[in-house]
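Worksheet: one structure, shown below.
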Amino acid sequence: MNRIKEILESKGISQTELASLLGKSFNMVNLYATNKVQPPISILYQIAEILNVDVRELLVPSKTNQNN
């Protein structure tokens, strides 16, 4: 899962703007933002650069098993 939509909103950048900057379609960026499709690592790094955030901020950490 990723936090692209959340960070876009906090930065005041639309999915349309991000799509244009990435050279991707709005539909593809919308799929990324709604977690229906995970972007390839290279695209994730491009998104992080555009949004001026560390790539790790775009990712939701996996839940670990707390019963160990």
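The values are calculated or read from the model by the stated rules, or taken from the named source; none is laboratory data. This structure is a prediction, so every number in the text was calculated from the model and none was measured. A quick note on method: Cβ atoms are made from the backbone with ideal geometry, for glycine too, and the neighbour counts reach across all protein chains shown. Areas reflect the complete protein model, heavy atoms only, side chains present, ligands, DNA and RNA absent. Shrake-Rupley method; radii C 1.70, N 1.55, O 1.52, S 1.80 Å.
Each Lys and Arg Cβ is given +1 and each Asp and Glu Cβ -1; about its Cα centre, the chain then shows a dipole of about 220 debye.
Taking Cβ atoms as reference points and 13 Å as the exclusive limit, the residues near Ser10 contribute a net charge of 0, counting Lys and Arg as +1 and Asp and Glu as -1. Shape class for the range 1-55, computed from the alpha carbon gyration tensor (a ≥ b ≥ c): rounded, with a/c under 1.5. Computed with a 1.4 Å probe over protein heavy atoms only, the accessible surface of the chain comes to 70 Å² per residue. Among Ile43, Asn2, Val55, whose Cα lies farthest out toward the positive end of the dipole of the chain, if unit charges sit on the beta carbon of Lys, Arg (+1) and Asp, Glu (-1)? The listed residue farthest towards the positive side: Asn2.
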